[in-house]
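S.K.: The structure is given below, and queries will be raised subsequently.
The values are calculated or read from the model by the stated rules, or taken from the named source; none is laboratory data. Keep in mind that this is a model prediction, so the values were computed, not measured. Glycine gets a Cβ as well: all are built from the backbone with ideal geometry, and neighbour counts include every protein chain shown. Protein only, heavy atoms only, side chains kept; ligands, DNA and RNA dropped before computing areas. Shrake-Rupley method; radii C 1.70, N 1.55, O 1.52, S 1.80 Å.
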Amino acid sequence: MPTLKANPGEREIMAADAFIDGKSAQVLLTDRNLTCGILSFFETNFKEIRTYPVNRIAVVDDNAQVRINADGAVEVTTDQGRVVIGLKSRRDAKRLSEYLRLLATGKDVDTSTDDGGLLAGMAEALGGTLKDTVGSFTKELGLERRQRTTAQCDGCGATLTGAAGDTVQCPYCDTPRQL
């Protein structure tokens, strides 16, 4: 099956399988264009490729004319007309519509957390909370891992190792030393 590629100088934001006018298609959103490739009957090549510049999406009162209709398809109104894109997942439809709204109103799209989306952000926050909670418990119970360090024995000059803050006794001259 063929795939759409971004033009030189364009940043690819999202690609997805779709349906346009009841036909199998692929969509590719870049920072400049929404490209829709209608696949041939056997899906071996593109029968038609339509390109919609994102700066030509209609914007009224700072609201891009992009919406998800009752069927879950993304409707985009441009100065070239209206295109209806049915995506295979509701999640992809939401992502595409949000990205189009941002780009059409001149805002940048941050895709750094996109693949995991909301759940990845929540997992990251939960992981940080768990780390802090476990850290508090281990500190209160005296189980925290402290950084290992080395020092010289004041009595004989031997190298002493242990956890920072601990007092160790030199194995050679029995002199105590805090690390």
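S.K.: What number of residues within the range 74-88 are small (G, A, S) and touching a residue at least 24 places away in the same chain (Cβ under 8 Å)?
M.R.: 1
S.K.: Something else: Taking the conditions exactly as written (surrounded by 15 or more Cβ atoms within 10 Å (Cβ to Cβ), at pLDDT 95 or above, over 14 Å from D17 (Cα atoms) and not basic (K, R)), does L100 satisfy them or not? Before the answer, list the steps.
M.R.: Values: surrounded by 15 or more Cβ atoms within 10 Å (Cβ to Cβ): yes; at pLDDT 95 or above: yes; over 14 Å from D17 (Cα atoms): yes; not basic (K, R): yes.
So L100 passes the test.
S.K.: Something else now. For the structure I just gave you, tell me whether G81 is at pLDDT below 95, more than 18 Å from G22 (Cα to Cα) and either open to solvent by 20 Å² or more (accessible area, probe 1.4 Å) or of a type in the set (V, I, T) (or both).
M.R.: Here the answer is no, as G81 does not meet what is asked.
S.K.: Report, by residue number, each residue of the range 1-26 that is within 20 Å of G72 (Cβ to Cβ) and more than 19 Å from the chain's Cα centre (by Cα).
M.R.: Within the range 1-26, D17, A18, F19, I20, D21, G22, K23, S24, A25, Q26 meet the criteria.
S.K.: In addition: Report yes if some residue within the range 54-73 is over 27 Å from the mean Cα position of the chain (by Cα) and open to solvent by less than 90 Å² (accessible area, probe 1.4 Å); otherwise report no.
M.R.: Yes, the range 54-73 has at least one match.
S.K.: Does V66 count as within 18 Å of K5 (Cα to Cα) and of a type in the set (A, V, I, L, M, F, W, C)?
M.R.: no
S.K.: Within the range 159-178, can one find any residue that is open to solvent by less than 50 Å² (accessible area, probe 1.4 Å), among the β-branched types (V, I, T) and modelled with pLDDT of 85 or more?
M.R.: Scanning the range 159-178, I find at least one residue that is open to solvent by less than 50 Å² (accessible area, probe 1.4 Å), among the β-branched types (V, I, T) and modelled with pLDDT of 85 or more, so the answer is yes.
S.K.: Now for a separate question. Taking only the range 27-53 into account, find how many residues are open to solvent by 10 Å² or more (accessible area, probe 1.4 Å) and within 27 Å of the chain's Cα centre (by Cα).
M.R.: Number satisfying all stated conditions: 7.
S.K.: Right, something else. Assess whether G142 counts as being at pLDDT below 80, surrounded by fewer than 12 Cβ atoms within 10 Å (Cβ to Cβ) and on the phi > 0 side of the Ramachandran plot.
M.R.: yes
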